[in-house]
Amino acid sequence: MKSHFKISRRKAVLCMAAAVLFTWAGRTGFFYIKETVNQEMEKPRAALTFDDGPHPAYTAELSKELAKRGVRASFFLIGERAEKNRETVMQLKKDGHLIGNHTYEHVNLTAVSEKEACSQILKTCNLIYEIIGEFPNYVRPPYGRWDDSLDCDVELIPVFWTLDSRDWELKDADAVVKGVLSSVKAEDIILMHDCYQTSADAALRIVDEMTEQGYEFVTVDELICE
Ligand SMILES: [Zn+2]
């Protein structure tokens, strides 16, 4: 319960700060600022998220290609893979992507003891800190399995998804692109995996097509505060 309370309080503080800023802009007569903000908000937004990396062959290239397009995505790293691909983790950071925790060995956090669940999370938090000098603020629980009462004494916000690309199952870039583009809508959090070449290829095609349609790509922290 303690950890859930901390998470709720953190989200509340962030949302409150945003609300105060909007009110201030309106009341002080900075209408041009308000108008700009509103215009920005009207653009449909979506977040691309990648689990199960970093992959030694695909992730760094994907990171750079996204950056070239001015797109920031969210990468939820498996600790043991991050440990073996430190350079790639630094590349993700350099390209401005959000780096989150996906446990150390990809465990179902609801199927192990609280001690083991916390060890999986904390080991990955510490490793990410060791590599990029920042602790992650977000966790994507493997298989989407999460227990709100888990108390590991760290402030981590769980992130799920609203659109599953099924890329891990399809392993076919054409099919993944078609599936995502046929059902994506504003504010979607799209689940993908950067451990397949087909997924990396599909992701870039999805970015190009959705950008053409007027979408703006944001990191998950910008979508889950609502
Ligand atoms: Zn996973």
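In segment 128-144, of all residues being touching a residue at least 40 places away in the same chain (Cβ under 8 Å) and more than 13 Å from K93 (Cβ to Cβ), the one that is farthest from the ligand (Cβ to nearest atom) corresponds to N137.
One line per residue, one yes/no per condition, for (1) at pLDDT below 95; (2) within 16 Å of the ligand (Cβ to nearest atom):
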{"residue": "T28", "(1), (2)": "yes, no"}
{"residue": "T36", "(1), (2)": "yes, no"}
{"residue": "E42", "(1), (2)": "yes, no"}
{"residue": "A46", "(1), (2)": "no, no"}
{"residue": "S63", "(1), (2)": "no, no"}
{"residue": "A67", "(1), (2)": "no, no"}
{"residue": "I78", "(1), (2)": "no, yes"}
{"residue": "G100", "(1), (2)": "no, yes"}
{"residue": "E116", "(1), (2)": "no, no"}
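Residues in segment 151-197 that are assigned to a helix (DSSP H, G or I) and under 30 Å from K123 (Cβ atoms): 4 in all.
In the set V89, V107, only one residue is within 16 Å of the ligand (Cβ to nearest atom) and either in the same structural domain as G53 (by TED's automatic domain parsing) or under 17 Å from D52 (Cα atoms) (or both); that residue is V107. For D148, the criteria (1) surrounded by fewer than 21 Cβ atoms within 10 Å (Cβ to Cβ); (2) not in a loop (DSSP other than H, G, I, E, B) hold in every case but one, which is (2). Only a single item in (1) modelled with pLDDT of 95 or more; (2) surrounded by fewer than 20 Cβ atoms within 10 Å (Cβ to Cβ); (3) among the β-branched types (V, I, T); (4) over 17 Å from the mean Cα position of the chain (by Cα) is not met by V176, and it is number (2). Taking the residues in segment 48-61 that are away from the ligand (no atom under 16 Å from the Cβ) and out of contact with any Lys or Arg (no Cβ under 9 Å at 6 or more places or on another chain) as candidates, determine which candidate is farthest from G96 (Cα to Cα). Within segment 48-61, the match that is farthest from G96 (Cα to Cα) is A57.
Kindly evaluate P54 against the criterion of being under 22 Å from F135 (Cα atoms) and either modelled with pLDDT of 95 or more or assigned by TED's automatic domain parsing to the domain that holds D188 (or both).
Details: under 22 Å from F135 (Cα atoms): yes; either modelled with pLDDT of 95 or more or assigned by TED's automatic domain parsing to the domain that holds D188 (or both): yes.
So P54 passes the test.
Look at segment 64-84: where a residue is in the same structural domain as E216 (by TED's automatic domain parsing) and a partner is of a type outside the set (A, V, I, L, M, F, W, C) and more than 15 Å from the ligand (Cβ to nearest atom), sitting 6+ places away or on another chain with Cβ atoms under 6 Å, you get A67/D95; R72/G96; R72/H97; R72/T219; A73/H97; S74/T219; F75/H97; G79/K123. Screening A186, A202 for residues that are of a type in the set (G, A, S) and under 27 Å from E105 (Cα atoms) leaves exactly one candidate, A202.
Can we say S149 is within 16 Å of the ligand (Cβ to nearest atom), among the small types (G, A, S) and touching a helix residue (DSSP H, G or I) at 6+ places or on another chain (Cβ under 9 Å)? So S149 fails the test. Scan (1) touching a strand residue (DSSP E or B) at 6+ places or on another chain (Cβ under 8 Å); (2) of a type in the set (A, V, I, L, M); (3) more than 16 Å from the ligand (Cβ to nearest atom) for the single condition I121 breaks and write down its number. Single failed check for I121: (3).
Restricting attention to segment 157-171, the residues that are more than 19 Å from S199 (Cα to Cα) and either within 16 Å of the ligand (Cβ to nearest atom) or not assigned by TED's automatic domain parsing to the domain that holds T49 (or both) total 2.
The values are calculated or read from the model by the stated rules, or taken from the named source; none is laboratory data. All values reported here derive from a predicted model rather than from experimental measurement. For neighbour counting, all protein chains shown are included, and Cβ atoms are generated from backbone atoms with ideal geometry for every residue, glycine included.
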